[in-house]
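Each remark here refers to the structure printed beneath this line.
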């Protein structure tokens with residue numbers, strides 16, 4: 001168990017101490033419900049809650065000090081800081097002994113592909129006999145055979161991130177970590193003080209504009225990861241991405257930059273790409289060698305994800321032929337182009353952005369037998385960027401032969417209104433092509449009568465999620481389970 005004196009913890013942290021007395025700190029809390037005896041309680045100010053209102057509750061549960069942005073009513077020692085949201089990262093890093101300093105920490109950011117790329121990097125390192133943990137959307141894993149733990153956010157809040165890194169390095173003696181890094185976590189400093197040795201850009205397309213408002217703001221949030229790299233660190237950039245040049249322009253001098261892609265000449269390139277129902281085939285080309293690659297994964301997005309992971313290997317001077325072997329048998333990641341039923345082929349995917357939906361439908365079209373139909377079922381999340389809804393409708397209409405529009409995680413919004421927003425993206429609502437069913441379970445049931453033996457069915461939006469967030473409750477709902485119920 002880690003403990004630290006309050007004096008020592010705040011020794012080098014910019015703050016003003018009021019009503020101050022020393023105490024032994026056993027941990028860091030920002031949720032009064034989970035505060036333990038000996039914790040300091042940090043009053044985070046969020047979009048919907050203000051931690052200053054829960055000081056008494058934290059005090060009752062055994063908090064020994066309060067970190068706040070203004071003085072509060074309590075008998076406990078109070079440390080006043082300018083921004084609890086920004087300085088929680090400094091406090092957590094200090095308490096857990098700055099673990100990222102001694103870890104080969106690789107951050108993967110982008111709109112799509114982060115989860116898969118972290119898993120592929122882990123596979124590569126393990127194949128090369130280098131232990132590697134991963135942290136991301138599905139939780140964290142100490143090795144590829146481990147089970148997922150604690151999946152709350154794509155990137156955990158600063159105390160969880162630092163505690164995890166401390167556990168990975170000092171308790172499990174693992175030197176490499178592949179971490180998904182979301183735009184929210186960068187802007188909110190959840191990974192503040194994390195010293196990344198490498199950063200990877202998968203792509204940047206429309207998402208989270210309910211939070212970032214503009215694509216420029218979204219780019220600026222993502223760029224924080226690359227701006228923080230130091231001399232001798234490395235950056236891996238998708239050379240084909242529309243934002244590639246903007247990222248290249250903000251990477252500090254002294255950082256080694258590597259590119260990957262398909263359309264443009266760069267360090268690591270895929271040529272001669274072919275798709276079959278069994279997977280993707282291509283030739284991997286660098287300035288030193290050409291390697292035949294035969295994947296069990298499918299779709300152009302899978303090729304890009306594999307290129308990203310192999311470019312990380314390239315940056316580490318690993319044997320690429322060996323690294324390719326490590327990835328050839330990988331079937332994919334839970335809820336990412338996951339084949340749940342063979343005939344018809346029903347694929348569950350997490351695609352919840354315009355670009356993500358387009359990629360998965362293109363992949364479905366690439367493997368569809370001649371004369372078969374491509375069927376798409378999807379919805380859009382509530383309380384999220386509404387401008388992407390009609391765009392996703394237009395994409396579904398363009399690429400699919402039949403479309404079932406349904407509910408996703410409506411949250412506080414009316415599901416019918418979300419569906420109405422999606423429908424504005426269709427040029428024409430042909431009842432032979434487009435079906436609306438707001439109940440997602442019933443919508444999946446309908447697929448049974450719509451799909452023939454050789455058809456490809458894409459169930460998009462929720463992927464690995466085993467829940468559905470409604471207005472007043474969260475229920476158990478797993479697309480994969482529902483598909484298996486319907487198709488057997």
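Counted as qualifying within the stretch 398-488 are the helices (runs of 4 or more DSSP H) with 3 or more residues that are in the same structural domain as residue 354 (by TED's automatic domain parsing) and closer than 25 Å to residue 370 by Cβ, namely 440-450. Residue count for the stretch 242-254 satisfying the condition of being under 27 Å from residue 290 (Cα atoms) and either touching a helix residue (DSSP H, G or I) at 6+ places or on another chain (Cβ under 8 Å) or surrounded by fewer than 17 Cβ atoms within 10 Å (Cβ to Cβ) (or both): 3.
Does the stretch 75-85 contain at least one residue that is in a helix (DSSP H, G or I), in contact with a strand residue (DSSP E or B) (Cβ under 8 Å, 6 or more places away or on another chain) and within 16 Å of residue 159 (Cα to Cα)?
The initial filter retains those residues of the stretch 75-85 that are in a helix (DSSP H, G or I), namely 84-85.
Filter again for in contact with a strand residue (DSSP E or B) (Cβ under 8 Å, 6 or more places away or on another chain), leaving 84-85.
Checking which are within 16 Å of residue 159 (Cα to Cα) leaves us with 84-85.
The answer is yes, given that some residue of the stretch 75-85 is in a helix (DSSP H, G or I), in contact with a strand residue (DSSP E or B) (Cβ under 8 Å, 6 or more places away or on another chain) and within 16 Å of residue 159 (Cα to Cα).
Looking at 205, 266, just one residue is over 15 Å from the mean Cα position of the chain (by Cα), closer than 19 Å to residue 301 by Cβ and not in a strand (DSSP E or B), and that residue is 266.
Take the conditions modelled with pLDDT under 95 and surrounded by fewer than 23 Cβ atoms within 10 Å (Cβ to Cβ) and apply them to residue 385. Does it pass? So residue 385 passes the test.
The rows are residues; the columns are (1) under 23 Å from residue 229 (Cα atoms); (2) modelled with pLDDT under 95.
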| site | (1), (2) |
| --- | --- |
| 55 | no, no |
| 58 | no, no |
| 67 | no, no |
| 87 | yes, yes |
| 92 | yes, no |
| 98 | yes, no |
| 105 | yes, no |
| 111 | yes, yes |
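Quick one: would you say residue 205 is closer than 30 Å to residue 369 by Cβ, touching a residue at least 40 places away in the same chain (Cβ under 8 Å) and surrounded by fewer than 17 Cβ atoms within 10 Å (Cβ to Cβ)? Here the answer is no, as residue 205 does not meet what is asked. Residue 312 - would you say it is closer than 17 Å to residue 127 by Cβ, under 21 Å from the mean Cα position of the chain (by Cα), outside any strand (DSSP E or B) and outside the structural domain of residue 132 (by TED's automatic domain parsing)? Judged against the criteria, residue 312 is not a match. Are any residues in the stretch 307-324 touching a helix residue (DSSP H, G or I) at 6+ places or on another chain (Cβ under 6 Å) and closer than 30 Å to residue 374 by Cα, and if so, which ones? Listed by number, the residues that qualify are 308, 309.
The values are calculated or read from the model by the stated rules, or taken from the named source; none is laboratory data. Worth saying up front: this structure is predicted, and the values here are computed from it rather than measured. Cβ: placed from backbone, ideal geometry, glycine included. Neighbour counts: every protein chain shown.
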